[in-house]
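Quick notes on the structure that follows.
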Amino acid sequence: DTGVSQDPRHKITKRGQNVTFRCDPISEHNRLYWYRQTLGQGPEFLTYFQNEAQLEKSRLLSDRFSAERPKGSFSTLEIQRTEQGDSAMYLCASSQGVAKNIQYFGAGTRLSVL
Amino acid sequence: AQSVTQLDSHVSVSEGTPVLLRCNYSSSYSPSLFWYVQHPNKGLQLLLKYTSAATLVKGINGFEAEFKKSETSFHLTKPSAHMSDAAEYFCVVSDPGGGADGLTFGKGTHLIIQP
């Protein structure tokens, strides 16, 4: 399967714990995006990378959220000191080239904070 | 700023009848518009996209959408619904001039197919 891969598919954690999600984009794609989707809503854009550079991070929900893409390939999204309101589906997408290109989505990581 | 309004949260049709999912958008620039579909426990899949070429866009699985600038609409249609079309559908706008490069999604329309 050469699509966007996300790991884990499900994560259950206790409030206050840190969690990290991984995304492996389609191999030749230089852009990588993170979104959050809460129940009954459409995905909400969080941040994106072009290669290893994080070009937009103002949409990250709080300073507890951070993302990295150290070698321009896979990316991680970390949430520190999780809260119950962080429970959601976290989606990753990748694309090749300039804006307007199609974004291909992974199946997501579902986070449940108890 | 860009935004998308999906006018119906749920649409129910009988198998074999036409499907219409309505979408209105707002954008400061010439937008790119997309429809994505999300089946349970699966990733978002692109149905079709509009990027300032032909105003009638054909997508996968028999879906199509028409871009109407005067009405700021991008409604999704299909002549004959199939049971496998039951899913969540998202209208999406991408506004390159907005600076963020992310997609802006509508809240989604849940399509129900009655046998």
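Every number in this text was worked out from the coordinates using simple rules, so none of it is lab data. The structure presented is a predicted model; accordingly, all values stated were derived computationally and were not measured. Glycine also receives a Cβ, built like all others from the backbone with ideal geometry; neighbour counts cover every protein chain displayed.
Compute for the protein assembly as shown: radius of gyration divided by Kirkwood radius, i.e. Rg/Rh, restricted to C-alpha atoms, rounded to two decimals.
0.97
For segment B:70-77, in order, what is each residue's ³J(HN,Hα) by Karplus, 6.51 cos²θ - 1.76 cosθ + 1.60 with θ = phi - 60°, in whole Hz (x at glycine and Pro)?
5, 9, 6, 10, 8, 6, 9, 9
Longer than 20 Å from Cα to Cα, which of B:K49/B:K69; B:K42/B:K107; A:K14/B:K42; A:K57/B:K49 are they? Say none if no pair is.
A:K14/B:K42; A:K57/B:K49
Name the GluC sites (Glu not before Pro) in segment A:65-114 that are in a loop by DSSP and that have at most 16 other C-beta atoms within 10 Å, would you?
Taking segment A:65-114 and a limit of 16 other Cβ atoms within 10 Å, the loop GluC sites (Glu not before Pro) found are A:E83.
Return the loop-located chymotrypsin sites (Phe, Trp or Tyr not before Pro) in segment B:1-61 (DSSP other than H, G, I, E, B) with at most 14 other Cβ atoms within 10 Å of their own Cβ; answer none if there are none.
Passing sites in segment B:1-61 are B:Y29.
Test of the criteria: in segment B:31-112, which trypsin sites (Lys or Arg not before Pro) are in a DSSP loop and have at most 16 other Cβ atoms within 10 angstrom of their Cβ?
Counting only loop positions with at most 16 other Cβ atoms within 10 Å, the trypsin sites (Lys or Arg not before Pro) in segment B:31-112 are B:K42, B:K69, B:K107.
Using a Gaussian network model of chain B with C-alpha springs under 10 Å, which one of B:E15, B:E64, B:E88 is most mobile by mean-square fluctuation?
B:E15
Please report, for the Cα atoms of segment B:40-101, the Rg to one decimal and the Dmax as a whole number; what are they, in angstrom?
Gyration radius and largest Cα-Cα distance of segment B:40-101: 13.2, 39 Å.
Quick one: 3J(HN,Hα) in Hz for segment B:40-56, Karplus 6.51/-1.76/1.60 with θ = phi - 60°, rounded, Gly and Pro as x.
With the stated coefficients, segment B:40-56 comes to x, 6, 10, x, 5, 10, 6, 8, 6, 9, 10, 9, 6, 9, 5, 6, 9 Hz.
With θ set to phi - 60°, apply the Karplus curve 6.51 cos²θ - 1.76 cosθ + 1.60 along segment B:58-67 and write out the HN-Hα couplings as whole Hz, x wherever there is a Gly or Pro.
9, x, 7, 6, x, 7, 8, 9, 10, 7
Roughly speaking, what is the centre-to-centre gap between segment B:4-21 and segment B:24-75 when only Cα atoms are used, to the nearest Å?
Taking the Cα centre of segment B:24-75 as reference, the centre of segment B:4-21 is 15 Å away.
Can you tell me the relative contact order of chain A? Whole percent, Cα pairs under 8 Å, sequence separation 6 or more.
Here the relative contact order equals 37 percent.
5 Å is the cut-off here: which amide hydrogens, built 1.01 Å from N in the peptide plane, fall below it relative to A:L46, excluding neighbours closer than 5 in sequence?
Placed amide hydrogens put A:W34, A:Y35, A:R36 under 5 Å from A:L46.
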